[in-house]
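Here the structure comes first, spelled out in structure tokens, and everything after it is commentary.
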Amino acid sequence: MMKKKIEDWPHHDYATRLSVAVVYAFLAAIAVNFFYQPGHIYSSGATGFAQILTTLSKNALGYTVPVSITLFLINVPLFVLSWFKIGHKFTIFTFITVFLTSFFIHIIPETTLTDDPIICAIFGGAIMGVGIGFALKNGLSSGGLDILSITIRKRTGKSVGSISIIFNVIIMFMAGVLFSWQYMFYSALAIFMSGKLTDALFTKQRKMQVMIVTKCPEKVITGIQEHMRRGITIINEAEGAYKHDKQTVLFTVVTHFELPLLESVMKESDPAAFVSISENVRIMGRFYEESMD
């Protein structure tokens, strides 16, 4: 019985997530130790708060608490939120990701590649954004405010990157008030870059309205419903203006991530169909999203 349960575990999925966690942790450590810390740039989310606490610790405690330690401690209460609001498996892998991130930040030496804060902000933000987007795209959270952003996105439909930017305004002001206003602007640039790169990679949140004009509606409907969990609205007896032939119009909404799958379905079911796609549509009502657990 136990052997069968072990054989039924999705080993490939777990191995993929662990690999993604390692990649993200390495990218985050590079962004922090090669760009953020040397350039006095404050990152987005929990990492930014961790950097601020590390900077303050020297005056408050007499010694500097490493970013790796403050980052992990900040995430502890958010693990609890994730456990109850998002999912158990998701939380476990988030814990692993945060632990690896703290570990890599701790062991990779802080290195100054450039003294230009603008370059540090741009490249640090880009690397961090790629890491966060890559993690979310593969069902992982980088921890910190990502957990809050995902929870709020489920209720409001706003993009993760946009929500993160809203949260991170407080980090920019804290950096400006506590240290220097120039750091606020540099940190704002880094956070903006990170948010945009996150949105560019995390395409599951971008919704697209699809209109399909077809003479083979049953094949198209069957193909979509077999491969994607999406509702379809059918308009029968549509008439073409040129030949006045009868066709069927189908409406559905998919994510940008599902677009290649939709294209494959259409090639198999009705290659001659006319397909129109409208990007970045706003959804009101129920829209199925895969669980991240």
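Here is how the numbers come out for the structure above:
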{"read-out": "Qualifying residue in the range 232-244 (condition: open to solvent by 50 Å² or more (accessible area, probe 1.4 Å), at positive phi, of a type outside the set (G, A, S) and not assigned by the TED database to the domain that holds G133)", "value": "yes"}
{"read-out": "Members of the range 187-197 found to be open to solvent by less than 70 Å² (accessible area, probe 1.4 Å) and modelled with pLDDT of 80 or more, listed by number", "value": "S187, A188, L189, A190, I191, M193, S194, L197"}
{"read-out": "Filtered residues of the range 120-145 (kept if open to solvent by 10 Å² or more (accessible area, probe 1.4 Å), of a type outside the set (A, V, I, L, M) and in a helix (DSSP H, G or I))", "value": "F123, F134, K137"}
{"read-out": "Residues of the range 1-33 classified as more than 19 Å from G124 (Cα to Cα), at pLDDT 80 or above and open to solvent by 30 Å² or more (accessible area, probe 1.4 Å), total", "value": "4"}
{"read-out": "The one condition in (1) in a strand (DSSP E or B); (2) within 30 Å of D199 (Cα to Cα) that V249 fails to fulfil", "value": "(2)"}
{"read-out": "Those residues of the range 209-231 which are in contact with a Ser or Thr (Cβ under 6 Å, 6 or more places away or on another chain), open to solvent by 40 Å² or more (accessible area, probe 1.4 Å) and either part of a strand (DSSP E or B) or at pLDDT below 85 (or both), in sequence order", "value": "Q209, M211"}
{"read-out": "Sole residue being more than 22 Å from D199 (Cβ to Cβ), at pLDDT 80 or above and either assigned to a helix (DSSP H, G or I) or of a type outside the set (A, V, I, L, M) (or both), chosen from M172, M184", "value": "M184"}
{"read-out": "Residues of the range 237-262 satisfying the condition of being at pLDDT 85 or above and more than 13 Å from M208 (Cα to Cα)", "value": "Q247, T248, V249, L250"}
{"read-out": "Which listed residue is within 14 Å of G48 (Cβ to Cβ) and of a type outside the set (S, T, Y), from G133, G62, G87, G144", "value": "G144"}
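One line per residue, one yes/no per condition, for (1) surrounded by 21 or more Cβ atoms within 10 Å (Cβ to Cβ); (2) under 19 Å from the mean Cα position of the chain (by Cα); (3) modelled with pLDDT of 90 or more; (4) among the hydrophobic types (A, V, I, L, M, F, W, C):
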site	(1), (2), (3), (4)
F35	yes, no, yes, yes
L56	no, no, no, yes
G62	no, no, no, no
I69	no, no, yes, yes
H88	no, yes, no, no
I92	no, yes, no, yes
L100	no, yes, yes, yes
I118	no, no, yes, yes
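The values are calculated or read from the model by the stated rules, or taken from the named source; none is laboratory data. These numbers come from a predicted model, not from an experiment. Positions of Cβ are generated from backbone atoms using ideal geometry, with glycine treated the same way; all protein chains shown enter the neighbour counts. These area figures cover heavy atoms from the full protein model, side chains too; ligands, DNA and RNA do not enter into them. Shrake-Rupley method; radii C 1.70, N 1.55, O 1.52, S 1.80 Å.
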